[in-house]
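Notes follow once the structure below has been shown.
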4 protein chains.
Amino acid sequence: MQKITILIHCEDKKAIIASVTNYIASIDGNIIYLDQHVDADENVFFMRLECEFSRDIWDLEAIKNHFQTNLATPFNMTWAMYPQDEKPKMALFISKYDHCLYDLLGRFSAGELPLEIPLIISNHEDLKPVAERFNIPFFHVPFTKENKEEGEKAQIELLKKFDIDFIVLARYMQIITPNLIALYKNKIINIHHSFLPAFPGAKPYHSAFKRGVKIIGATSHYVTEELDEGPIIEQDISRVSHSHSIEDFIMKGRDLERMVLARAVTLHAQRKTMVYNNKTVVFS
Amino acid sequence: MQKITILIHCEDKKAIIASVTNYIASIDGNIIYLDQHVDADENVFFMRLECEFSRDIWDLEAIKNHFQTNLATPFNMTWAMYPQDEKPKMALFISKYDHCLYDLLGRFSAGELPLEIPLIISNHEDLKPVAERFNIPFFHVPFTKENKEEGEKAQIELLKKFDIDFIVLARYMQIITPNLIALYKNKIINIHHSFLPAFPGAKPYHSAFKRGVKIIGATSHYVTEELDEGPIIEQDISRVSHSHSIEDFIMKGRDLERMVLARAVTLHAQRKTMVYNNKTVVFS
Amino acid sequence: MQKITILIHCEDKKAIIASVTNYIASIDGNIIYLDQHVDADENVFFMRLECEFSRDIWDLEAIKNHFQTNLATPFNMTWAMYPQDEKPKMALFISKYDHCLYDLLGRFSAGELPLEIPLIISNHEDLKPVAERFNIPFFHVPFTKENKEEGEKAQIELLKKFDIDFIVLARYMQIITPNLIALYKNKIINIHHSFLPAFPGAKPYHSAFKRGVKIIGATSHYVTEELDEGPIIEQDISRVSHSHSIEDFIMKGRDLERMVLARAVTLHAQRKTMVYNNKTVVFS
Amino acid sequence: MQKITILIHCEDKKAIIASVTNYIASIDGNIIYLDQHVDADENVFFMRLECEFSRDIWDLEAIKNHFQTNLATPFNMTWAMYPQDEKPKMALFISKYDHCLYDLLGRFSAGELPLEIPLIISNHEDLKPVAERFNIPFFHVPFTKENKEEGEKAQIELLKKFDIDFIVLARYMQIITPNLIALYKNKIINIHHSFLPAFPGAKPYHSAFKRGVKIIGATSHYVTEELDEGPIIEQDISRVSHSHSIEDFIMKGRDLERMVLARAVTLHAQRKTMVYNNKTVVFS
């Protein structure tokens, strides 16, 4: 059997579900998973389908054309269709912190992530040996206030050359340029080491310690031009107490960062996330 | 608008979703929520729908008949249809513990539970004053090894008289008879004070303490003839440490019992639970 | 045996623990619990002791005098000593929300809270029947922008008359005056329905919904003159998703508010909290 | 400054804390952390201290002798004293699962684990390349029903040769022999993929799926001769629902196993665990 994932969103109207499910039935597909959501305030309909087809009738281009004509055009849908055996290609952007990098590469090597990692880009040379341990091509692309344009140009060339689908900032410590954000809209995933919207910006563990919170967190979100304000994909928290120092916060936080980023990356790679109105729909 | 909730399960076949959603569209209903699940091992399909109809075309009996003829019979469905303004009637069974009782009556009084409480039945007189505080009719039905038959008879008469839909055992300390279980199949909810299947039976906090676990739990499940082995609706846990005594376990456990039982009762009253093969599907 | 709880904080110095534990041993007391904490940044030492003495040698005033002379004065300690059979007296301040009220009164009636509730004060009459159900004296003290001084005066008179030790704002919707805050410094406990410092001020669930967070929270803190910025006692969180409406956030939040406030009240009543530098030390 | 950690347990008696803290003060040590616990049922006293001494007065052997004479002998203490700059040496035992291995080696490489890893022992060759990636010596020690004695002998020789302090079974799939357990009493850490005591033995995820639990767990414990019944160090859980397959349970479980094992290993390496009566005291 050939499996595909379909993501749809459009204005909410009567009979959308019936129309879509009829269509799948009409082309001898079998729905093995269906999830839908209506944003009642915005009147927007979201749907995620997993379908299977026997291989002898399988013709992805024909299905796509037919879908466009018979469903997407009449309902004015934004949609995408992914064969489940096509893994998305992820670029890792890193700087000097290695804990998220080790975690993602360890999971990747253990066969847990449904994606490919064609390259790692870093603004420092420090973690090149880690990339080499895992046999992932490593590119040093310096990026400073002074060389922004040059740096961005080099990044984009590499991303194009390796046909990258999405970017993961694994504690990458530089700003992403508006050009790059526009090129990879809702396709750049960041991990911020606080429970957003609490403690945006720099040194959130220090701010959390100073405020005396009893719970710290981490947040993974899509990158937008507003720092730490993009659509949130996943968050998690850990309890702390007066007995924990800032160093303890940071150490506990590393566990949160690892876990939350890995979950967000997995959800994105499984095409389980949709973005609308600076929020995510996550069909998990 | 008139809203209804529909629960369906049947053997999984192609085009069920299309058939159901077509049907709703054909009678001018609007699907505002749809969730479905396929148990791939057992090949069983489950679905929960919330639909709304304009009141002028609304005729529940006609819809039910039509549904039976056009969908339920051809697909051999087990199904139920509930108008959302009909609240289920819950009987509370209690003994001497009052914490779950106070919690449920407090939530009920605060307007949080979508149900009615026509009566409370207890095998002791102790908590009659609590029932009176909340103006709920209280019936003392003694139940001992010696008077099982008589006790069961009195229970069933009261349940029938008050037209009870489901029963909640809020730390009720007597066995429910097989007859009563058969009468209220998958409609009797118990709270057990452990993380089942760990520590079934009596004194689970003592057993947990002796074993030195680092987490305790509570489990709400439908009652079957096998003690503590019915379909699980909800579970939750709380961290404990070496510094906690058995009394601490019990006190932390009371919070878990309250919370887990209240969630299970709410899910059941919202018709969000379905039972199959001694497991639950919970569309939450 | 007579049990007492001792709370101490002072500048950190060598040999404090030895001095205190020696002292207890020297007066034939037995330490049954000891917890200490050093705030290394501020160089402050905190300690909580539970000790027991046989009743025939028991003389609280003598112990206090001796403690002041031999320990508190030399080490310049801030300290308090509480016999464990003296329960603190709590005043409940409420407005129109009843869920935290029902929860606290239910727990109190179930014997879970180590405190007394001599009175409830409200700026509305609405919840008087709830107070009456639980036989707690209820006082309606109007409080508006126009009658602040009069309202505060009436509040303080009642608090003095009933010899109140601490105040709990169970979703009380008015500002507490600076005078009252000064009178009950670190003795007024509020519940805020967000994960502070995220979403301070009004309508936090609406803000959380708009931001698209994946986790909501509640925070209990001591009241200071800066709104929602007092020392945090306890926080907890609950997962939410795109499928939850604002109403779902509010309903899930009620559970958080109940739980977090009850825990903070219990910790305070057990004399397990100490405040320093706008943060709490919680020996739980 | 030179820091040491002291662990003590003995029969509970009056004035132990005073005696120990006096002693530290008397040798010009400064207590920077003290935690104690009394098991009231068993009348056993536990204590963990972190102390610092200026280096010029530092003489570990003298301190140890003095401690034995003046405290340990009179109070009949079981005790240990560890300079904080001496890292314990951990042997990893593995088979074919690589997720815990990648996680521990990633954390080790990222500098998070206060220990050394002189060697990895496996009953299969499969994961040798992983060990090589991280430059850890790898030894293939076959272990079958037929060669138990030979296998055990080879294991013990390696452990002695590399001066190993404790052993971590990172999803090692063979029984540990009673001899080895006796040699490393309370020093062999296992990760079991269920919430013990629920689902001991083989295939716990399958059993959990069949039972229809709503929460799965993982448990790290010291190995004793009774399978899965040793003292529990750490546990954690993850929510599951009807929508999760056994494969989903396994994947979510891998995250739990990684996290729980890493925490247990860290606690042990920080000398924060003590074992008594098949339970742990964990000063975290």
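All of the numbers you see were taken from the coordinates with simple rules; none came from a lab. Keep in mind the model is a prediction, meaning the values are calculated, not measured. Ideal geometry is used to build each Cβ from the backbone, glycine not excepted, and the neighbour counts take in all protein chains shown.
With the convex hull drawn over the C-alpha atoms of the range A:2-83, the volume per residue is 75 Å³.
Which value in Å is the Kirkwood Rh of chain D over different Cα pairs?
Every distinct Cα pair counted, the radius reaches 20.6 Å.
Per-residue mean of foreign Cβ neighbours for A:253-261 is 2 (Cβ atoms of other chains, 10 Å radius). The label point for B:Glu11 and the one for D:Ile32, both projected 7 Å from the Cα toward the Cβ, are 7.1 nm apart.
The modelled label-to-label distance between A:Ile156 and C:Leu227, using points 7 Å beyond Cα along the C-beta direction, is 4.6 nm. About the centre of its Cα atoms, the protein assembly as shown shows a dipole size close to 0 debye [charges on the beta carbon of Lys, Arg (+1) and Asp, Glu (-1) only; nearest 20 debye].
Quick check on my link table: of A:Lys64/A:Lys87; B:Lys161/B:Lys185; C:Lys203/C:Lys252; A:Lys252/D:Lys3, which ones sit more than 21 Å apart, alpha carbon to alpha carbon? Over 21 Å apart, Cα to Cα: A:Lys252/D:Lys3. Counting neighbouring beta carbons within 10 Å and listing from fewest to most, the residues C:Ser19, A:Ser109, B:Ser122 come out as C:Ser19, A:Ser109, B:Ser122. Label point of D:Arg239 set 7 angstrom out along Cα-Cβ; within the range A:238-258, amide nitrogens under 20 Å from it belong to A:238-240, A:256-257. Between identical copies, the spacing of C:Met173 label points, each set 7 Å from Cα toward the C-beta atom, reads 4.2, 4.9, 6.2 nm from nearest to farthest.
Along chain D, the longest continuous region that contains none of the GluC sites (Glu not before Pro) in a DSSP loop with at most 14 other C-beta atoms within 10 Å is D:147-224. In the protein assembly as shown, the DSSP beta bridges split such that about 75 percent are antiparallel, to the nearest 5.
Taking every residue in A:210-220 and counting other chain Cβ atoms within 10 Å of its Cβ, the average works out to 6. In this assembly of identical copies, the label point of A:Ala72 (Cα plus 7 Å along Cα-to-Cβ) is separated from its counterparts by 4.0, 7.5, 7.7 nm, sorted shortest first. Rounded to the nearest 500, the helix-only mean residue ellipticity at 222 nm of chain B stands at -9500 deg cm²/dmol, with each DSSP H run of n ≥ 4 adding -39,500 (n - 2.57). Counting only DSSP beta bridges whose two residues both lie in the range D:89-282, roughly 50 percent are antiparallel. Taking every alpha-carbon pair in the protein assembly as shown and binning the separations at 20 Å intervals from zero gives 10, 37, 39, 13, 1 percent. Across chain B, C-alpha contacts under 8 Å between residues 6 or more apart give a mean separation that, scaled by the residue count, equals a relative contact order of 15 percent. Rounded to the nearest 20, the size of the Cβ-charge dipole of the range D:89-282 about its Cα centre is 460 debye, with Lys and Arg at +1 and Asp and Glu at -1. Ignoring solvent entirely, what values of log10 I(q)/I(0) come out of the Debye formula for the range C:215-284 at 0.16 Å⁻¹ when each Cα is a single scatterer? With one equal scatterer per Cα and no solvent, log10 I(q)/I(0) is -0.61. Need one number: % antiparallel among DSSP beta bridges in the range D:2-83, to the nearest 5. Of the beta bridges lying entirely in the range D:2-83, close to 100 percent run antiparallel. For B:Ile250 and C:His124, a Förster radius of 60 Å and the Cβ-Cβ distance give a FRET efficiency of 0.95, rounded to the nearest 0.05.
A point 7 Å from Cα along Cα→Cβ stands in for C:Ser245, and the other copies hold the same point at 3.4, 4.8, 5.1 nm, listed in rising order.
Where chain A is carried onto chain C by rotation, the Cβ closest to that axis, with its residue and distance in Å, is A:Ala198, 2.
For the range C:136-198, trypsin sites (Lys or Arg not before Pro) meeting the loop criterion (DSSP other than H, G, I, E, B) and having at most 16 other Cβ atoms within 10 Å: C:Lys145, C:Lys185. Sorting D:Leu60, D:Leu71, B:Leu105 by the number of Cβ atoms found within 10 Å of their own Cβ, with the fewest placed first, yields D:Leu60, D:Leu71, B:Leu105.
Straight Cα distances below 20 angstrom link C:Lys13 to the aspartates and glutamates C:Asp35, C:Asp39, C:Asp41, C:Glu42, D:Asp28, D:Asp35, D:Glu50, D:Glu52, with same-chain residues fewer than 8 positions distant left out. Between D:Leu60 and A:Asn76, the simple label model (points 7 Å from Cα in the Cβ direction) yields a spacing of 7.5 nm.
For the range C:84-220, the Stokes-Einstein estimate of translational diffusion at 10 °C and a viscosity of 1.306 mPa s comes to 99 µm²/s, using the Kirkwood hydrodynamic radius over alpha-carbon pairs.
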